[in-house]
1. Kindly indicate the residue of the range 79-96 that is of a type outside the set (Asp, Glu) and not in a helix (DSSP H, G or I) and also surrounded by the fewest Cβ atoms within 10 Å (Cβ to Cβ) among those meeting that condition.
2. Anything in the range 58-78 that is buried (at least 17 other Cβ atoms within 10 Å of the Cβ) and under 31 Å from the mean Cα position of the chain (by Cα)? List them, or say none.
3. Scan the range 179-208 residue by residue and report those that are free of Cβ contacts under 8 Å to residues at least 12 places away in the same chain and closer than 13 Å to GLY117 by Cβ.
4. Quick one: which residue in GLY269, GLY283 is closer than 21 Å to MET221 by Cα, of a type outside the set (A, V, I, L, M) and at pLDDT 90 or above?
5. I'd like to check something: does the range 249-265 contain any residue that is of a type in the set (Val, Ile, Thr) and either part of a loop (DSSP other than H, G, I, E, B) or within 20 Å of the chain's Cα centre (by Cα) (or both)?
6. Just for the range 128-137: of the residues that are surrounded by 14 or more Cβ atoms within 10 Å (Cβ to Cβ) and free of Cβ contacts under 8 Å to residues at least 40 places away in the same chain, which one is nearest to LEU238 (Cα to Cα)?
7. Cβ-Cβ below 6 Å, separation at least six or inter-chain, first residue in the range 58-81 and of a type in the set (S, T, N, Q), second in a loop (DSSP other than H, G, I, E, B): which pairs?
Amino acid sequence: MDNSGQIPAAWGPASGPELSDAGIWRHLRGNSTIIFAGVLALTIALTALLVPLLPLQDPLLPDYTNVLQAPGAGHLLGTDLHGRDELSRVLWASRTSLLVGLFATGLALVAGVAVGGLAGYGGRYIDPVLMRTTDIFLSFPVILGAIAILAIFGTGRRNVFFAIAFFAWPIFARVFRSRVLSVREREYVKAARLLGASERRIFFTHVLPNAAGPLITYTAMAVAGAILAEAGLSFIGLGVQPPYPAWGLMLAESMGLFERAPWLVLAPGLAVTLTSLSFILLGAAATRAMDPRDRSGGR
């Protein structure tokens, strides 16, 4: 059997303390922050997934006999300016926010890994070109770049996916490239090369798995950023369009009504805050767990 490129166990990546999966897992299990954030994020995700099965009122159906009704038995979070049930709209809006956050971040992650991997492993001629291109995109804040894209191609949820991803991938590319540059000089990578492994096999077998750690932690924070970006775009009228529910759009529709109907502000405001906070805490706790110098943090 051809064992070309196979590395003796003593040379493998597990010999480094920062790559000990058992140590990371022990830290995660004892980290109260990541447990809280994980339960919160999982609860929100399951709620968004199961919304069609819940006994909720139609979030699009107006009822002008119950306009701005305070929270009560019939409407647990009250009603809006059109008499629509606020609880139903908040829960249905969670599907939009999570879908945008996960899909846009996924697109940005794939593009960033492709560009960062090619830059870090492609040689001295490819790297400068790709990194200068990345710098150009980094000069545009994600929200401003997304506004420009939506102004050109129009509003709507589908365009929001691509508008956010189009300006979010450079950070993934930078993070991944820096790790690739570090990992490709490790002893186990050099050993694989000496044993005759192809560069493609080395990259996918040894470099990619061991350079992906920071991407995992940053991805959680990027999901939070995408959720906040979607809320901001919907707030200014460039995201989800009425009458469909979105947290940012619901906040925009409740402007000027805080004293009269505070539930219209508090419900979507708390929803977007708790959802983004759960992913930020997940990313922060995972970052500390993967840092061998801070294995005791976050408890």
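1. Of all residues in the range 79-96, those of a type outside the set (Asp, Glu) come to 79, 81-84, 87-96.
Now narrow it down to the ones that are not in a helix (DSSP H, G or I): 79, 81-84.
Details: THR79: 29, LEU81: 14, HIS82: 16, GLY83: 16, ARG84: 22.
In this case the residue turns out to be LEU81.
2. Within the range 58-78, PRO59, LEU77, GLY78 qualify.
3. ARG200, PHE204
4. GLY269
5. no
6. Going through the range 128-137, the residues surrounded by 14 or more Cβ atoms within 10 Å (Cβ to Cβ) turn out to be 130-131, 133-134, 137.
Checking the rest, the ones that are also free of Cβ contacts under 8 Å to residues at least 40 places away in the same chain come to 133, 137.
Numbers: THR133: 27, PHE137: 21 Å.
Going through the qualifying residues, I end up with PHE137.
7. Partner pairs satisfying both residue conditions: ASN66/GLY83; GLN69/HIS75; GLN69/GLY78; THR79/ASN66; THR79/GLN69.
Conditions (1) in a helix (DSSP H, G or I); (2) under 19 Å from ALA220 (Cβ atoms), marked per residue:
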position: GLY74; (1), (2): no, no
position: LEU98; (1), (2): yes, yes
position: LEU102; (1), (2): yes, yes
position: GLY116; (1), (2): yes, yes
position: ARG124; (1), (2): no, no
position: PRO128; (1), (2): yes, no
position: ARG158; (1), (2): yes, no
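The values are calculated or read from the model by the stated rules, or taken from the named source; none is laboratory data. In this text, all values refer to a predicted model and were calculated from it rather than measured experimentally. All Cβ positions, glycine included, derive from the backbone under ideal geometry; neighbour counts span all protein chains shown.
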